[in-house]
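Q: I'd like to ask some things about the structure below.
Each reported figure results from applying straightforward, stated rules to the coordinates on display, with no laboratory input. These numbers come from a predicted model, not from an experiment. Glycine gets a Cβ as well: all are built from the backbone with ideal geometry, and neighbour counts include every protein chain shown.
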């Protein structure tokens, strides 16, 4: 899993320079080097909130913490407090700065139906869970910690299950059959 996180962080660090940038910004980077994020002051070649949350999610799973949204919210908050960084949406950033517990973070964020993609951006690490039904359940629960919406949960489940299928050498057609058969 650490190799996956490292590769995700490298890709995240490279892609950060293009987030919120003009559509053809990549054409101004002929050397394919790290460039400064156009909006946030995180430095060139630095990982963003997406890698921070993926790492927090991986820690949570590896350490065997409870699989429930408040516990996930607490893990995400702990990761942020260890290394506060820009890159989160304004609402999530303010919530992370304000909250002292996972419950407080959840209470601040849950009244809003987030249609952001943060929950799916961190979900690939869940592909290391052995059972696809558990991947499905964990992906939904971790998403609801910060993205309290049907879309947040569904996008997280899609990415986590795709990661699980790739890790296990399962084709997309076989994955569809597994999910349909299992009622997922």
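Q: When 90, 36 are ordered from fewest to most other Cβ atoms inside 10 Å of their Cβ, what list results?
A: By the 10 Å Cβ count, ascending, the order reads 90, 36.
Q: Going by the alpha-carbon gyration tensor, a ≥ b ≥ c the square roots of its eigenvalues, is the chain rounded (a/c under 1.5) or, if a/c is not under 1.5, prolate (a/b greater than b/c) versus oblate?
A: Oblate.
Q: Could I have the simple spin-label model distance between residue 117 and residue 32, label points 7 Å from Cα toward Cβ, reported in nm to one decimal?
A: Calculated label separation equals 2.1 nm.
Q: Relative contact order of segment 48-182, please, whole-number percent, based on alpha carbon pairs below 8 angstrom and at least 6 residues apart.
A: Relative contact order comes out at 25 percent.
Q: If neighbour count is taken as other Cβ atoms inside 10 Å, put 80, 128 in order from fewest to most.
A: 128, 80
Q: Counting other beta carbons within 10 Å of each residue's own, what order do 105, 57, 6 fall into, fewest first?
A: Fewest-to-most Cβ neighbours within 10 Å comes out as 6, 105, 57.
Q: How long is the gain from residue 41 to residue 101 if the chain were fully straight, where each residue apart is worth 0.36 nm and the alpha carbon distance is subtracted?
A: Once the chain is fully extended between residue 41 and residue 101, it gains 19.0 nm.
Q: Work out, step by step, the length gained on full extension between residue 10 and residue 86: first 0.36 nm times the residue separation, then minus their alpha carbon distance; give nm to one decimal.
A: Stretched fully, the residue 10-residue 86 segment lengthens by 25.6 nm.
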